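Before any comments, here is the structure.
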Amino acid sequence: MVILGIESTAHTASVGVVDDQARILGMASDMYRPPSGGIHPREAANHHVELLPGLVTKALQDSHVDPAELEAVAFAQGPGLGPCLRAGATVARTLALMWDKPLVPVNHCVAHVEIARVLSGMDDPMLLYASGGNTQVIAYGSGRYRVLGETLDVGIGNFLDKLWIALGGTFPGGPAIEAHAQRGSRLWTLPYSVHGMDVAFSGMLTAALAYRAKGATLEDLAYSVEVTAYSMLTEITERALAHRRRTDVVLGGGVACNARLQGMVRAMTEGRGGRSFAPPRALCVDNGAMIAWTGHLAYSAGRVVAVERSAVEPRQRTDLVATPWRAG
Ligand code: AMP
Ligand code: MG
């Protein structure tokens, strides 16, 4: 059994072809990079419309799979940017109709958990999902994935990107901040905003820019921002583990590729007698393989949607999506 999955929630257009053992047979991705500033949803959507057909062809070619062999076509239904989601959903509907295959809607956040869960071999890990637009601590409980904690303002990645652009850099900011942080050593005190199991980042940007104006180096600022923001994420993840009596954590999202964040979460989980796992970069960032794999799980549990009812849901909440494959 082979399934094709389409991801297009934000800046990444990606198509994955995955079998029922979670083997990734083929994957083709392309990320929209704005010439300056942040992502404009319409421009990112145009990018996806232009590139997705070619990415479908390439992913199928790489996997040596004929469309006739597919069990279904899965797509990311939400959450995400409306125009971007619609671009992917339109391609998915077209393929499902053209090839006469069932259409399977997938929640993007659940897909991050499921790909990390199968790759890690962990049965019931908690997910620290740290990406551009999303920052959440997610765990399974009573038939749903539950959001235990999250950002109260912007996603961690958007915060890093915005900060880096304000400091004169270009998108994406996270990797550039990581490179600079490796050469930083002085810790500037930044707002540490943890509210129970939630976090907030907005005050940190203002404070960092004020230090810059006073002469702080980019290296020291990057170091201070990483240490502060990733400590906040590690703290809320630990609190969620303690409350849910769990030990294991998987990571997902572009920011989860960060070595310092991975190291902090690893130290925290090991200190509690557990472990942590971060998928390889291509499967940690937005990707079609995680949509295909979660589509397979959902389809196996009977989840399909008629084309005329397959509207995208830009604000789809993780905890409102049924996950029948996890029952029992
Ligand atoms: P995603 O939304 O999951 O596709 O991830 C994109 C976000 O991840 C952007 O905000 C990037 O700045 C951020 N990012 C990518 N690589 C890293 C890294 N090594 N460290 C921190 N942030 C990163
Ligand atoms: Mg994502």
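Around the Cα centre of segment 196-328, unit charges on the Cβ atoms of Lys, Arg, Asp and Glu (plus for the first two, minus for the last two) sum to a dipole of about 320 debye. Sorted from greatest to least, the principal axis extents spanned by the alpha carbons of segment 97-186 come out as 52, 36, 27 Å.
In segment 123-274, Cα pairs under 8 Å separated by at least six residues give a relative contact order of 29 percent.
Listed by chain and number, the lysines whose alpha-carbon sits under 30 Å from that of Lys214, ignoring those within fewer than 8 places in the same chain, are Lys162. For segment 35-93, the relative contact order works out to 49 percent when only alpha carbon pairs closer than 8 Å and six or more residues apart are counted. Comparing Ser310, Ala116, Leu218 along the charge dipole axis of the chain, the residue lying farthest to the positive side is Leu218, per the Cβ-charge model. With contributions of -39500 (n - 2.57) from each DSSP H run of at least four residues, the per-residue ellipticity at 222 nm computed over the chain stands at -14000 deg cm²/dmol.
Within the shell of other residues whose beta carbon sits under 9 angstrom from the beta carbon of Val194, the net charge comes to -1, with Lys and Arg scored +1 and Asp and Glu -1.
Local charge for Gly271 was computed over the other residues whose Cβ lies under 15 Å away, with Lys and Arg +1 and Asp and Glu -1, and equals +1. Ignoring lysines fewer than eight residues from Lys101 along the same chain, the ones with Cα atoms less than 25 angstrom from its Cα are Lys58.
Note on the chain: Rg/Rh from Cα positions, Kirkwood definition for Rh, rounded to two decimals, is 0.98. Shape analysis of segment 123-274 based on the Cα gyration tensor places the equivalent ellipsoid semi-axes at 28, 15, 13 Å, largest first. When the charge dipole of the chain is built from unit charges on Cβ atoms (+1 for Lys and Arg, -1 for Asp and Glu) and taken about the Cα centre, the candidate among Thr234, Thr57, Val2 whose Cα reaches farthest toward its positive end is Thr234.
According to the Kirkwood relation over distinct C-alpha pairs, the hydrodynamic radius of segment 149-217 is 12.8 Å. Taking amide H positions as modeled 1.01 Å from N, with prolines and chain starts lacking one, the residues under 5 Å from Gly26 and 5 or more places away or on another chain are Val17.
This model, with +1 at the C-beta of Lys and Arg and -1 at the C-beta of Asp and Glu, gives the chain a dipole about its Cα centre of some 700 debye. Scanning the chain for trypsin sites (Lys or Arg not before Pro) that sit in a DSSP loop and have at most 16 other Cβ atoms within 10 Å, the longest stretch containing none of them is 24-182.
Looking at segment 123-274, the accessible area is 40 square angstrom per residue; that uses a 1.4 Å probe and ignores ligands, DNA and RNA. Using a simple spin-label model with pseudo-atoms 7 Å out from Cα toward Cβ, Ala306 and Asp123 lie 4.0 nm apart.
The values are calculated or read from the model by the stated rules, or taken from the named source; none is laboratory data. As the structure is a prediction and not an experimental result, all values here were calculated from the model. Please note: Cβ atoms are built from the backbone with ideal geometry, for glycine as well, and neighbour counts cover all protein chains shown. We work out accessible area using only protein heavy atoms, side chains counted, and drop any ligands, DNA or RNA first. Shrake-Rupley method; radii C 1.70, N 1.55, O 1.52, S 1.80 Å.
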